[in-house]
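The values are calculated or read from the model by the stated rules, or taken from the named source; none is laboratory data. Since this is a predicted model, take the numbers as computed values, not measurements. Every residue, glycine as well, gets a Cβ built from its backbone with ideal geometry; the counts of neighbours run over all protein chains shown.
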C-alpha cells in the first residue's frame, strides 16, 4: 500500500479525527484542571443516584475500563471531587459519589465541553448524528 492510499484509509482518517477531537476536548477542559476521562467520570457520577454507584457501575455507565476508572477515581478523590466509601451491600466494592465541589466543576465545564463538541462537529452538518450512530453501532456500542 502506498503512503497516499494509507493516508486515505478509513481507519487513518478516523484516527486523525479522533486526535483532533481530543485536542479540542483537552483545550476545553484545561482551564478546569481536568482530563477528558476525569470529566466523563465526574459527569457520569453527577448524573447518577445521589447516593452514589459502585465503581463497577461507574465504569460501565461511563464506558471507561475498570482499571482506569479506579485510578482516575483515586485522583478525583484526592482532589475532593468524589467520595469513595465501602459499599453497604458488598464488602469488596466501593460506593462512589460526586462531591458538591465535583458537581459544581461539572456544571462549569459542561458548557465548554458541549461548545467544543458543537464546533468540532459543525462541518458534518445534520448528518453528524447519523454518521456517529452508524460508527458506534458498527463498534458494538
So residue 96 clears everything in (1) over 17 Å from residue 28 (Cβ atoms); (2) in a helix (DSSP H, G or I) except one condition, right? Which one? (2)
Note on residue 100: of the conditions (1) exposed (fewer than 12 other Cβ atoms within 10 Å of the Cβ); (2) within 27 Å of residue 14 (Cβ to Cβ), unmet is (2)
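Residue-wise test of (1) touching a residue at least 40 places away in the same chain (Cβ under 8 Å); (2) under 30 Å from residue 11 (Cα atoms); (3) in a loop (DSSP other than H, G, I, E, B).
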| position | (1), (2), (3) |
| --- | --- |
| 34 | yes, yes, yes |
| 40 | no, yes, no |
| 71 | no, yes, no |
| 88 | no, no, yes |
| 133 | no, yes, no |
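Which residue out of 28, 56, 46 is touching a residue at least 24 places away in the same chain (Cβ under 8 Å), in contact with a strand residue (DSSP E or B) (Cβ under 7 Å, 6 or more places away or on another chain) and surrounded by 14 or more Cβ atoms within 10 Å (Cβ to Cβ)?
Numbers: 28 fails: in contact with a strand residue (DSSP E or B) (Cβ under 7 Å, 6 or more places away or on another chain); 56 fails: in contact with a strand residue (DSSP E or B) (Cβ under 7 Å, 6 or more places away or on another chain).
Result of the check over 28, 56, 46: 46.
Kindly indicate the residue of the stretch 42-59 that is assigned to a loop (DSSP other than H, G, I, E, B) and within 25 Å of residue 112 (Cβ to Cβ) and also modelled with the highest pLDDT among those meeting that condition. First the steps, then the outcome.
Our first condition is that a residue be assigned to a loop (DSSP other than H, G, I, E, B); within the stretch 42-59, this holds for 48-52.
Checking which are within 25 Å of residue 112 (Cβ to Cβ) leaves us with 48, 50.
Details: 48: 90, 50: 79.
Across the stretch 42-59, the extreme among qualifying residues is 48.
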Would the stretch 8-23 turn up any residue that is in contact (Cβ under 8 Å) with a residue 12 or more places away in the chain, within 13 Å of the chain's Cα centre (by Cα) and in a helix (DSSP H, G or I)? yes
